[in-house]
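Input: one structure, supplied below.
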Amino acid sequence: MPIVAVIGGQWGDEGKGHIVDYLASRSQMVIRYGGGNNAGHTVTNEQGVFKLHLIPSGIFDPTIINVIAHGVVIDPGVLIEEIQSLEAKGISTSRLFVSDRAHVIMPYHVMQDQLQEQARGDGKIGTTGRGIGPAYADKVERVGLRAGDLLHEELLLERLRAVLEEKNRVLNRIYGVKPISLHDAYLRFLNYGHQLTNYVTDVHAVIHRALEKDVPVLLEGAQGALLDIDHGTYPYVTSSLPGAAGACQGAGIGPTRLSSVIGVFKAYVTRVGEGPFPTEIHDSPDADMLRQIGKPWAEVGTTTGRLRRVGWFDAVMARYAAEVNGIDTVVITKLDVLDEFQRIKICVGYKRHDELLEYPPMSTALLNKVEPVYEEMPGWNTPTSEVREFHHLPEEAQSYVARLCQLVGARLGIVSVGPERDQIIMVNDVL
Ligand code: GDP
Ligand code: IMO
Ligand code: MG
(Lines give C-alpha, C1' and ligand atoms only; values in the text may rest on other atoms or scores of the structure.)
(Ligands and ions follow the chains in the order given, each with its own letter.)
Protein backbone atom coordinates (compact mmCIF):
# COMPACT_ATOMS: atom_id res chain seq x y z
CA MET A 1 0.00 0.00 0.00
CA PRO A 2 1.28 3.47 -0.75
CA ILE A 3 3.15 5.58 1.77
CA VAL A 4 3.20 9.01 0.21
CA ALA A 5 4.93 12.17 1.37
CA VAL A 6 3.24 15.45 0.45
CA ILE A 7 5.86 18.17 0.68
CA GLY A 8 6.01 21.86 -0.16
CA GLY A 9 8.14 22.43 -3.26
CA GLN A 10 8.75 26.16 -2.72
CA TRP A 11 8.96 28.47 0.33
CA GLY A 12 5.83 27.18 2.06
CA ASP A 13 2.11 27.96 1.73
CA GLU A 14 1.79 26.00 -1.50
CA GLY A 15 -1.59 24.61 -0.43
CA LYS A 16 -0.40 21.42 1.28
CA GLY A 17 -3.30 21.46 3.75
CA HIS A 18 -5.85 21.65 0.94
CA ILE A 19 -4.23 18.77 -0.95
CA VAL A 20 -3.85 16.56 2.14
CA ASP A 21 -7.48 17.25 3.11
CA TYR A 22 -8.52 16.16 -0.38
CA LEU A 23 -6.35 13.02 -0.43
CA ALA A 24 -6.99 12.05 3.20
CA SER A 25 -10.14 10.06 2.46
CA ARG A 26 -8.05 7.72 0.28
CA SER A 27 -5.70 7.05 3.17
CA GLN A 28 -6.11 5.64 6.65
CA MET A 29 -3.44 7.62 8.42
CA VAL A 30 -2.06 11.15 8.10
CA ILE A 31 1.21 11.95 9.81
CA ARG A 32 2.56 15.47 10.35
CA TYR A 33 6.31 14.96 10.53
CA GLY A 34 8.03 18.29 11.10
CA GLY A 35 7.95 21.97 11.91
CA GLY A 36 5.65 23.46 14.51
CA ASN A 37 3.08 26.17 14.77
CA ASN A 38 5.06 28.29 12.33
CA ALA A 39 2.91 26.35 9.85
CA GLY A 40 -0.55 27.48 8.87
CA HIS A 41 -2.53 25.08 6.71
CA THR A 42 -5.86 26.35 5.47
CA VAL A 43 -8.45 23.69 4.83
CA THR A 44 -11.80 24.55 3.26
CA ASN A 45 -14.34 21.75 3.14
CA GLU A 46 -18.01 21.03 3.86
CA GLN A 47 -17.31 21.41 7.57
CA GLY A 48 -15.99 24.97 7.26
CA VAL A 49 -12.74 26.89 6.89
CA PHE A 50 -9.98 25.82 9.25
CA LYS A 51 -6.50 27.16 9.91
CA LEU A 52 -4.44 24.28 11.23
CA HIS A 53 -1.03 24.81 12.80
CA LEU A 54 -0.11 21.45 14.33
CA ILE A 55 -2.93 19.00 13.76
CA PRO A 56 -2.74 17.03 10.50
CA SER A 57 -5.21 17.92 7.76
CA GLY A 58 -6.69 14.41 7.88
CA ILE A 59 -8.55 15.31 11.09
CA PHE A 60 -11.85 16.00 9.29
CA ASP A 61 -12.42 12.35 8.47
CA PRO A 62 -13.33 10.50 11.68
CA THR A 63 -12.15 7.18 10.29
CA ILE A 64 -8.56 8.36 9.85
CA ILE A 65 -5.77 8.14 12.41
CA ASN A 66 -3.87 11.43 12.66
CA VAL A 67 -0.40 11.52 14.12
CA ILE A 68 1.83 14.38 15.23
CA ALA A 69 5.13 12.59 14.93
CA HIS A 70 8.58 12.81 16.53
CA GLY A 71 10.00 15.50 14.23
CA VAL A 72 7.41 18.14 15.14
CA VAL A 73 8.08 20.75 17.82
CA ILE A 74 4.97 21.29 19.90
CA ASP A 75 3.81 24.37 21.76
CA PRO A 76 1.40 22.56 24.10
CA GLY A 77 -0.75 25.64 24.71
CA VAL A 78 -1.27 26.04 20.96
CA LEU A 79 -2.01 22.35 20.51
CA ILE A 80 -4.59 22.34 23.31
CA GLU A 81 -6.27 25.42 21.83
CA GLU A 82 -6.35 23.80 18.41
CA ILE A 83 -7.87 20.61 19.83
CA GLN A 84 -10.49 22.61 21.73
CA SER A 85 -11.37 24.77 18.78
CA LEU A 86 -11.85 21.72 16.51
CA GLU A 87 -13.91 19.91 19.12
CA ALA A 88 -16.08 23.02 19.56
CA LYS A 89 -16.85 22.81 15.84
CA GLY A 90 -17.80 19.16 16.10
CA ILE A 91 -14.54 17.73 14.72
CA SER A 92 -13.48 14.77 16.82
CA THR A 93 -9.84 14.49 17.90
CA SER A 94 -10.28 11.07 19.46
CA ARG A 95 -8.06 9.50 16.80
CA LEU A 96 -5.24 12.03 17.22
CA PHE A 97 -1.95 10.70 18.56
CA VAL A 98 1.00 12.85 19.62
CA SER A 99 4.51 11.49 19.78
CA ASP A 100 6.02 11.33 23.25
CA ARG A 101 9.38 11.99 21.54
CA ALA A 102 8.30 15.28 19.94
CA HIS A 103 10.11 18.24 21.47
CA VAL A 104 8.25 20.92 23.36
CA ILE A 105 8.41 24.64 22.64
CA MET A 106 8.94 26.38 25.97
CA PRO A 107 8.25 30.03 26.83
CA TYR A 108 11.97 30.80 26.75
CA HIS A 109 12.14 29.54 23.15
CA VAL A 110 9.49 32.02 22.10
CA MET A 111 11.27 34.82 23.98
CA GLN A 112 14.63 33.84 22.52
CA ASP A 113 13.23 33.74 18.97
CA GLN A 114 11.71 37.22 19.27
CA LEU A 115 14.65 38.77 21.09
CA GLN A 116 17.16 37.32 18.63
CA GLU A 117 15.15 38.68 15.72
CA GLN A 118 15.07 42.14 17.29
CA ALA A 119 18.80 41.98 17.87
CA ARG A 120 19.44 41.00 14.24
CA GLY A 121 18.01 44.33 13.09
CA ASP A 122 18.30 44.63 9.30
CA GLY A 123 19.78 41.13 9.18
CA LYS A 124 16.61 39.57 10.58
CA ILE A 125 15.34 36.28 9.15
CA GLY A 126 11.69 37.22 9.42
CA THR A 127 10.80 34.22 11.58
CA THR A 128 7.26 33.63 12.74
CA GLY A 129 8.40 34.36 16.31
CA ARG A 130 6.93 31.10 17.56
CA GLY A 131 10.13 29.73 19.13
CA ILE A 132 10.78 27.21 16.37
CA GLY A 133 14.52 27.83 15.85
CA PRO A 134 15.45 27.85 19.55
CA ALA A 135 13.38 24.70 20.21
CA TYR A 136 15.16 22.78 17.44
CA ALA A 137 18.50 24.20 18.61
CA ASP A 138 17.89 22.84 22.11
CA LYS A 139 16.88 19.49 20.67
CA VAL A 140 20.20 19.27 18.84
CA GLU A 141 22.04 20.56 21.90
CA ARG A 142 20.33 17.78 23.87
CA VAL A 143 18.70 20.03 26.43
CA GLY A 144 15.14 19.88 25.10
CA LEU A 145 12.05 18.68 26.91
CA ARG A 146 9.87 16.16 25.10
CA ALA A 147 6.14 15.69 25.14
CA GLY A 148 6.53 12.48 27.13
CA ASP A 149 8.35 14.42 29.88
CA LEU A 150 5.17 16.41 30.58
CA LEU A 151 3.44 13.24 31.74
CA HIS A 152 5.90 12.50 34.55
CA GLU A 153 5.87 14.89 37.50
CA GLU A 154 9.33 14.13 38.83
CA LEU A 155 11.02 13.90 35.47
CA LEU A 156 9.46 17.17 34.37
CA LEU A 157 10.68 18.97 37.49
CA GLU A 158 14.15 17.51 37.12
CA ARG A 159 14.46 18.42 33.41
CA LEU A 160 12.98 21.86 33.90
CA ARG A 161 15.22 22.67 36.85
CA ALA A 162 18.32 21.68 34.91
CA VAL A 163 17.51 23.70 31.83
CA LEU A 164 15.73 26.73 33.30
CA GLU A 165 18.65 27.79 35.44
CA GLU A 166 20.87 28.20 32.38
CA LYS A 167 18.13 29.71 30.22
CA ASN A 168 17.37 32.31 32.85
CA ARG A 169 21.04 33.18 33.18
CA VAL A 170 21.45 33.63 29.42
CA LEU A 171 18.19 35.52 28.89
CA ASN A 172 18.86 37.78 31.85
CA ARG A 173 22.50 38.54 31.12
CA ILE A 174 22.15 39.06 27.38
CA TYR A 175 18.68 40.52 27.08
CA GLY A 176 17.96 41.72 30.63
CA VAL A 177 14.81 39.60 30.79
CA LYS A 178 13.12 38.82 34.12
CA PRO A 179 13.79 35.17 35.07
CA ILE A 180 11.07 32.59 34.45
CA SER A 181 9.92 31.03 37.72
CA LEU A 182 10.60 27.30 37.99
CA HIS A 183 7.50 26.89 40.12
CA ASP A 184 5.18 28.62 37.62
CA ALA A 185 6.69 26.89 34.59
CA TYR A 186 6.46 23.51 36.32
CA LEU A 187 2.78 23.93 37.23
CA ARG A 188 1.91 25.27 33.79
CA PHE A 189 3.58 22.45 31.88
CA LEU A 190 2.37 19.78 34.28
CA ASN A 191 -1.13 21.06 33.61
CA TYR A 192 -0.48 20.87 29.85
CA GLY A 193 0.65 17.29 30.39
CA HIS A 194 -2.60 16.48 32.19
CA GLN A 195 -4.64 17.99 29.38
CA LEU A 196 -2.70 16.08 26.73
CA THR A 197 -2.44 12.79 28.56
CA ASN A 198 -4.95 11.04 26.29
CA TYR A 199 -3.07 12.11 23.18
CA VAL A 200 0.64 11.72 24.01
CA THR A 201 1.88 8.21 23.41
CA ASP A 202 4.53 6.09 21.74
CA VAL A 203 3.44 6.73 18.16
CA HIS A 204 6.14 4.46 16.79
CA ALA A 205 3.87 1.57 17.70
CA VAL A 206 0.81 3.31 16.24
CA ILE A 207 2.57 4.05 12.93
CA HIS A 208 4.22 0.69 12.51
CA ARG A 209 1.11 -1.28 13.38
CA ALA A 210 -0.55 0.57 10.51
CA LEU A 211 2.37 -0.15 8.16
CA GLU A 212 2.19 -3.84 9.08
CA LYS A 213 -1.48 -3.80 8.10
CA ASP A 214 -0.40 -2.27 4.81
CA VAL A 215 -2.77 0.71 4.95
CA PRO A 216 -2.28 3.81 2.77
CA VAL A 217 -0.46 6.52 4.69
CA LEU A 218 0.05 10.22 3.95
CA LEU A 219 2.97 12.16 5.38
CA GLU A 220 1.98 15.82 5.59
CA GLY A 221 4.76 18.33 5.15
CA ALA A 222 4.95 21.76 6.66
CA GLN A 223 7.01 24.66 5.27
CA GLY A 224 8.73 23.93 1.96
CA ALA A 225 11.84 22.49 0.34
CA LEU A 226 13.48 25.91 0.00
CA LEU A 227 13.12 26.55 3.74
CA ASP A 228 15.02 23.35 4.57
CA ILE A 229 17.88 23.86 7.02
CA ASP A 230 20.33 22.02 4.73
CA HIS A 231 19.00 22.61 1.25
CA GLY A 232 17.14 25.89 1.55
CA THR A 233 18.26 29.48 1.14
CA TYR A 234 20.29 29.45 4.34
CA PRO A 235 20.24 31.34 6.67
CA TYR A 236 16.78 32.46 5.53
CA VAL A 237 15.26 29.08 6.31
CA THR A 238 13.41 27.38 9.09
CA SER A 239 15.18 25.04 11.51
CA SER A 240 13.61 21.74 10.48
CA LEU A 241 13.71 19.26 7.59
CA PRO A 242 10.56 19.96 5.56
CA GLY A 243 11.48 17.63 2.70
CA ALA A 244 11.18 13.93 1.95
CA ALA A 245 14.18 12.90 4.03
CA GLY A 246 12.65 14.86 6.92
CA ALA A 247 9.39 12.99 6.37
CA CYS A 248 11.15 9.69 6.96
CA GLN A 249 13.22 11.02 9.84
CA GLY A 250 10.37 12.89 11.52
CA ALA A 251 7.90 10.03 11.26
CA GLY A 252 10.37 7.23 11.98
CA ILE A 253 9.64 5.50 8.68
CA GLY A 254 12.60 4.14 6.72
CA PRO A 255 13.22 5.70 3.28
CA THR A 256 12.80 2.33 1.58
CA ARG A 257 9.13 2.39 2.61
CA LEU A 258 8.17 5.57 0.72
CA SER A 259 6.27 4.86 -2.47
CA SER A 260 6.08 8.39 -3.79
CA VAL A 261 6.97 12.00 -3.05
CA ILE A 262 4.42 14.57 -4.11
CA GLY A 263 5.76 18.08 -4.50
CA VAL A 264 3.12 20.78 -4.09
CA PHE A 265 3.89 23.92 -6.09
CA LYS A 266 1.87 27.07 -6.55
CA ALA A 267 1.48 28.06 -10.19
CA TYR A 268 3.61 31.06 -9.20
CA VAL A 269 5.74 31.63 -6.08
CA THR A 270 5.27 33.29 -2.71
CA ARG A 271 7.55 33.78 0.23
CA VAL A 272 6.98 35.15 3.75
CA GLY A 273 9.83 36.71 5.67
CA GLU A 274 13.25 37.77 4.46
CA GLY A 275 15.66 36.06 2.08
CA PRO A 276 16.52 35.84 -1.59
CA PHE A 277 13.69 35.55 -4.11
CA PRO A 278 15.05 35.87 -7.65
CA THR A 279 11.67 35.99 -9.42
CA GLU A 280 10.02 38.39 -6.97
CA ILE A 281 7.69 40.96 -8.50
CA HIS A 282 7.78 44.22 -6.62
CA ASP A 283 4.87 46.63 -6.37
CA SER A 284 3.14 46.45 -9.72
CA PRO A 285 -0.25 45.48 -11.16
CA ASP A 286 1.06 41.91 -11.67
CA ALA A 287 1.99 41.67 -7.99
CA ASP A 288 -1.46 42.96 -7.00
CA MET A 289 -3.13 40.42 -9.27
CA LEU A 290 -1.14 37.57 -7.73
CA ARG A 291 -1.87 38.73 -4.18
CA GLN A 292 -5.66 38.59 -4.66
CA ILE A 293 -6.24 40.91 -1.71
CA GLY A 294 -9.82 40.71 -0.51
CA LYS A 295 -10.26 37.09 -1.59
CA PRO A 296 -10.30 34.29 1.02
CA TRP A 297 -7.11 32.89 -0.55
CA ALA A 298 -5.28 36.26 -0.64
CA GLU A 299 -1.52 36.01 -0.22
CA VAL A 300 -1.48 36.94 3.44
CA GLY A 301 0.31 34.66 5.93
CA THR A 302 -2.00 32.18 7.69
CA THR A 303 0.03 32.24 10.89
CA THR A 304 1.33 35.80 11.17
CA GLY A 305 -0.94 37.81 8.87
CA ARG A 306 2.07 39.20 7.02
CA LEU A 307 1.72 40.09 3.35
CA ARG A 308 3.38 37.35 1.29
CA ARG A 309 5.97 38.38 -1.27
CA VAL A 310 4.98 37.19 -4.75
CA GLY A 311 6.75 36.28 -7.97
CA TRP A 312 6.80 34.18 -11.13
CA PHE A 313 7.25 30.41 -11.09
CA ASP A 314 10.94 29.68 -10.58
CA ALA A 315 11.79 26.46 -12.37
CA VAL A 316 15.45 26.61 -11.33
CA MET A 317 14.45 26.40 -7.67
CA ALA A 318 11.63 23.94 -8.40
CA ARG A 319 13.87 21.50 -10.25
CA TYR A 320 16.45 21.73 -7.50
CA ALA A 321 13.75 21.01 -4.90
CA ALA A 322 12.58 18.03 -6.97
CA GLU A 323 16.09 16.63 -7.20
CA VAL A 324 16.88 17.03 -3.52
CA ASN A 325 13.63 15.36 -2.50
CA GLY A 326 13.04 12.81 -5.22
CA ILE A 327 9.74 14.44 -6.15
CA ASP A 328 8.09 12.12 -8.67
CA THR A 329 4.65 13.73 -8.76
CA VAL A 330 3.76 17.38 -9.15
CA VAL A 331 0.70 19.12 -7.77
CA ILE A 332 0.06 22.60 -9.14
CA THR A 333 -2.18 24.76 -6.95
CA LYS A 334 -3.82 28.14 -7.45
CA LEU A 335 -3.87 27.88 -11.22
CA ASP A 336 -7.08 29.94 -11.08
CA VAL A 337 -5.11 32.91 -9.72
CA LEU A 338 -3.48 33.24 -13.15
CA ASP A 339 -6.83 33.31 -15.00
CA GLU A 340 -6.66 36.99 -15.91
CA PHE A 341 -3.03 37.34 -16.97
CA GLN A 342 -2.31 38.15 -20.64
CA ARG A 343 1.23 36.75 -20.47
CA ILE A 344 2.77 34.53 -17.82
CA LYS A 345 6.48 34.29 -17.14
CA ILE A 346 8.46 31.23 -16.04
CA CYS A 347 12.04 31.52 -14.87
CA VAL A 348 14.00 28.83 -16.71
CA GLY A 349 17.54 29.82 -15.73
CA TYR A 350 19.66 32.28 -13.79
CA LYS A 351 22.24 34.50 -15.42
CA ARG A 352 25.28 35.77 -13.58
CA HIS A 353 27.37 38.07 -15.80
CA ASP A 354 27.58 35.97 -18.96
CA GLU A 355 27.28 32.65 -17.20
CA LEU A 356 24.05 30.67 -17.21
CA LEU A 357 23.57 28.92 -13.86
CA GLU A 358 21.87 25.55 -13.83
CA TYR A 359 21.40 25.45 -10.07
CA PRO A 360 20.77 28.04 -7.38
CA PRO A 361 24.08 29.15 -5.85
CA MET A 362 24.51 28.70 -2.09
CA SER A 363 25.33 32.29 -1.27
CA THR A 364 22.61 34.79 -0.48
CA ALA A 365 24.71 37.58 -1.98
CA LEU A 366 24.98 35.70 -5.29
CA LEU A 367 21.32 34.67 -5.29
CA ASN A 368 20.33 38.28 -4.76
CA LYS A 369 22.31 39.24 -7.85
CA VAL A 370 21.32 36.54 -10.33
CA GLU A 371 19.20 37.68 -13.23
CA PRO A 372 16.27 35.37 -13.96
CA VAL A 373 15.99 34.21 -17.55
CA TYR A 374 12.30 34.18 -18.43
CA GLU A 375 10.26 32.27 -20.91
CA GLU A 376 6.84 33.78 -21.61
CA MET A 377 3.66 31.88 -22.24
CA PRO A 378 0.27 33.24 -23.28
CA GLY A 379 -2.42 33.50 -20.61
CA TRP A 380 -5.90 32.00 -21.07
CA ASN A 381 -8.23 34.75 -19.90
CA THR A 382 -10.92 32.26 -18.98
CA PRO A 383 -12.12 31.24 -15.51
CA THR A 384 -10.83 27.80 -14.53
CA SER A 385 -12.30 27.38 -11.04
CA GLU A 386 -15.25 25.29 -12.30
CA VAL A 387 -13.11 22.96 -14.43
CA ARG A 388 -12.76 19.36 -13.16
CA GLU A 389 -11.11 17.60 -16.14
CA PHE A 390 -7.64 18.47 -17.38
CA HIS A 391 -8.68 18.40 -21.03
CA HIS A 392 -11.46 20.92 -20.26
CA LEU A 393 -8.89 23.50 -19.18
CA PRO A 394 -8.12 26.17 -21.80
CA GLU A 395 -5.31 24.95 -24.05
CA GLU A 396 -2.98 27.69 -22.84
CA ALA A 397 -3.51 26.56 -19.23
CA GLN A 398 -2.83 22.92 -20.17
CA SER A 399 0.37 23.97 -21.92
CA TYR A 400 1.45 26.11 -18.98
CA VAL A 401 0.99 23.27 -16.48
CA ALA A 402 2.66 20.75 -18.80
CA ARG A 403 5.64 23.08 -19.22
CA LEU A 404 6.00 23.46 -15.45
CA CYS A 405 6.07 19.68 -14.99
CA GLN A 406 8.56 19.28 -17.81
CA LEU A 407 10.85 21.84 -16.16
CA VAL A 408 10.44 20.29 -12.71
CA GLY A 409 11.15 16.87 -14.19
CA ALA A 410 8.22 14.93 -12.73
CA ARG A 411 4.79 13.75 -13.84
CA LEU A 412 1.65 15.74 -13.14
CA GLY A 413 -0.67 14.40 -10.43
CA ILE A 414 -3.21 17.08 -9.53
CA VAL A 415 -4.13 20.62 -10.55
CA SER A 416 -6.01 22.71 -8.02
CA VAL A 417 -8.29 25.51 -9.20
CA GLY A 418 -9.73 26.77 -5.93
CA PRO A 419 -9.57 26.30 -2.16
CA GLU A 420 -12.69 24.13 -1.83
CA ARG A 421 -12.25 20.39 -1.43
CA ASP A 422 -13.81 19.63 -4.80
CA GLN A 423 -11.88 22.26 -6.77
CA ILE A 424 -9.42 19.62 -7.83
CA ILE A 425 -8.49 18.18 -11.21
CA MET A 426 -7.16 14.69 -10.74
CA VAL A 427 -4.85 13.98 -13.66
CA ASN A 428 -2.99 10.88 -12.53
CA ASP A 429 -3.57 8.66 -9.54
CA VAL A 430 -1.35 9.74 -6.68
CA LEU A 431 -2.48 7.48 -3.85
P1 GDP B 1 -0.11 25.42 3.17
O2 GDP B 1 0.61 26.06 4.31
O3 GDP B 1 0.82 24.84 2.16
O4 GDP B 1 -1.15 24.43 3.61
O5 GDP B 1 -0.88 26.61 2.41
P6 GDP B 1 -1.72 27.79 3.10
O7 GDP B 1 -2.98 27.23 3.60
O8 GDP B 1 -0.88 28.54 4.06
O9 GDP B 1 -1.94 28.75 1.87
C10 GDP B 1 -2.63 28.35 0.73
C11 GDP B 1 -3.85 29.26 0.53
O12 GDP B 1 -4.37 29.09 -0.76
C13 GDP B 1 -5.00 28.95 1.46
O14 GDP B 1 -5.72 30.14 1.69
C15 GDP B 1 -5.85 27.95 0.66
O16 GDP B 1 -7.21 27.97 1.03
C17 GDP B 1 -5.69 28.52 -0.71
N18 GDP B 1 -5.72 27.57 -1.82
C19 GDP B 1 -5.20 26.32 -1.90
N20 GDP B 1 -5.32 25.83 -3.14
C21 GDP B 1 -5.93 26.80 -3.88
C22 GDP B 1 -6.30 26.92 -5.25
O23 GDP B 1 -6.08 26.03 -6.06
N24 GDP B 1 -6.86 28.10 -5.65
C25 GDP B 1 -7.09 29.12 -4.77
N26 GDP B 1 -7.65 30.23 -5.23
N27 GDP B 1 -6.77 29.04 -3.48
C28 GDP B 1 -6.18 27.90 -3.04
P1 IMO C 1 3.48 26.31 6.02
O2 IMO C 1 3.51 24.93 6.61
C3 IMO C 1 5.57 29.95 4.87
C4 IMO C 1 9.17 30.97 7.17
C5 IMO C 1 9.06 32.22 8.01
C6 IMO C 1 10.50 32.70 7.95
C7 IMO C 1 11.29 31.40 8.01
C8 IMO C 1 11.80 31.03 9.39
O9 IMO C 1 2.24 27.05 6.31
O10 IMO C 1 3.86 26.27 4.59
P11 IMO C 1 10.58 30.12 11.58
O12 IMO C 1 9.51 30.75 12.42
O13 IMO C 1 10.22 28.82 10.99
O14 IMO C 1 11.92 30.10 12.26
O15 IMO C 1 10.76 31.17 10.34
O16 IMO C 1 10.41 30.38 7.55
N17 IMO C 1 8.11 29.97 7.41
C18 IMO C 1 7.07 29.78 6.60
N19 IMO C 1 6.70 30.41 5.48
N20 IMO C 1 4.86 28.90 5.32
C21 IMO C 1 5.24 28.23 6.43
O22 IMO C 1 4.62 27.10 6.84
C23 IMO C 1 6.37 28.68 7.14
N24 IMO C 1 6.99 28.27 8.27
C25 IMO C 1 8.06 29.05 8.41
O26 IMO C 1 8.18 33.14 7.43
O27 IMO C 1 10.76 33.29 6.71
MG1 MG D 1 0.75 27.91 5.22
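The values are calculated or read from the model by the stated rules, or taken from the named source; none is laboratory data. None of these values were measured; they are calculated from a predicted model. Don't worry about glycine lacking a Cβ; one is built from the backbone with ideal geometry, like all the others, and counts go over all protein chains shown. Just the protein is used for accessible areas: all its heavy atoms, side chains included, with ligands, DNA and RNA removed. Shrake-Rupley method; radii C 1.70, N 1.55, O 1.52, S 1.80 Å.
Looking at Arg309, is it under 18 Å from Thr233 (Cα atoms), under 27 Å from the mean Cα position of the chain (by Cα) and either outside the structural domain of His53 (by TED's automatic domain parsing) or free of Cβ contacts under 8 Å to residues at least 60 places away in the same chain (or both)?
Here the answer is yes, as Arg309 does meet what is asked.
Could you pull out every one of the strands (runs of 3 or more DSSP E) wholly within segment 321-377 that has 1 or more residues that are in contact with a Leu (Cβ under 8 Å, 6 or more places away or on another chain), modelled with pLDDT of 95 or more and farther than 30 Å from Asp429 by Cα?
Values: elements: 329-333, 343-352, 355-357.
The strands (runs of 3 or more DSSP E) meeting that bar are 343-352.
Go through segment 390-422 and give me each residue that's part of a loop (DSSP other than H, G, I, E, B) and not β-branched (Val, Ile, Thr).
Once the filter is applied, which keeps residues that are part of a loop (DSSP other than H, G, I, E, B) and not β-branched (Val, Ile, Thr), segment 390-422 yields Leu393, Pro394, Gly409, Ala410, Gly418, Pro419, Arg421, Asp422.
Further question on the same structure: Listed residues Asp21, Asp13; which is assigned to a loop (DSSP other than H, G, I, E, B), within 16 Å of ligand 3 (Cβ to nearest atom) and under 18 Å from the mean Cα position of the chain (by Cα)?
None of the others qualify; the one that does is Asp13.
Got a sec? Which helices (runs of 4 or more DSSP H) wholly within segment 107-199 have at least 1 residues that are farther than 23 Å from Leu241 by Cα?
107-120, 153-175, 182-196
Regarding Ser57, is this residue more than 18 Å from Tyr136 (Cβ to Cβ), in contact with a helix residue (DSSP H, G or I) (Cβ under 7 Å, 6 or more places away or on another chain) and of a type in the set (S, T, N, Q)?
When the stated conditions are applied, Ser57 passes them.
Answer yes or no: is there a residue in segment 99-115 that is within 16 Å of ligand 1 (Cβ to nearest atom) and either among the charged types (D, E, K, R) or open to solvent by 20 Å² or more (accessible area, probe 1.4 Å) (or both).
The answer is no, given that none of the residues of segment 99-115 is within 16 Å of ligand 1 (Cβ to nearest atom) and either among the charged types (D, E, K, R) or open to solvent by 20 Å² or more (accessible area, probe 1.4 Å) (or both).
Separate question: State yes or no: is Glu396 more than 14 Å from ligand 1 (Cβ to nearest atom), touching a Gly at 6+ places or on another chain (Cβ under 7 Å), open to solvent by 20 Å² or more (accessible area, probe 1.4 Å) and more than 24 Å from Pro360 (Cβ to Cβ)?
Here the answer is yes, as Glu396 does meet what is asked.
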